């Protein structure tokens, strides 16, 4: 069943806030910018993670140096799941952050 618009926006807002909280609580030197529903995480060295909502598809998209990834929300598991690899958003963000910074942050609550 597809998410309704209000629930979708609530989920994306909460997810982006959780992502910001993890980065804020870390000792990493990252710049965070959240504007018009797009969260940009800028790492030292120029790498970025860009999280954006795709309202018509009810997806959360992640743009990274390694590519673009589309996540659907799974109500049963309360997790964002990549529509091609089935990797969880939390796992992918943890892996990409480790690749860019060497820091193994805990994104399990996302």
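Overview of values
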| read-out | value |
| --- | --- |
| Residue, farthest from residue 10 (Cα to Cα), within the stretch 37-54, restricted to residues that are in contact with a helix residue (DSSP H, G or I) (Cβ under 8 Å, 6 or more places away or on another chain) and loosely packed, with under 12 Cβ neighbours inside 10 Å | 45 |
| Residue that is surrounded by the fewest Cβ atoms within 10 Å (Cβ to Cβ) [pool: residues in the stretch 72-110 that are closer than 24 Å to residue 4 by Cβ and in contact (Cβ under 8 Å) with a residue 60 or more places away in the chain] | 109 |
| Segments classed as strands (runs of 3 or more DSSP E), wholly inside the stretch 4-54, with at least 2 members that are touching a residue at least 24 places away in the same chain (Cβ under 8 Å) and closer than 15 Å to residue 90 by Cα | 48-54 |
| Residue, nearest to residue 65 (Cα to Cα), within the stretch 21-36, restricted to residues that are surrounded by 17 or more Cβ atoms within 10 Å (Cβ to Cβ) and touching a strand residue (DSSP E or B) at 6+ places or on another chain (Cβ under 9 Å) | 30 |
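No value in this document is a laboratory result; all are computed from the given coordinates. All of these numbers come straight from a predicted model, not from anything done at the bench. Here Cβ is always computed from backbone atoms with ideal geometry, including for glycine, and neighbour counts include all displayed protein chains.
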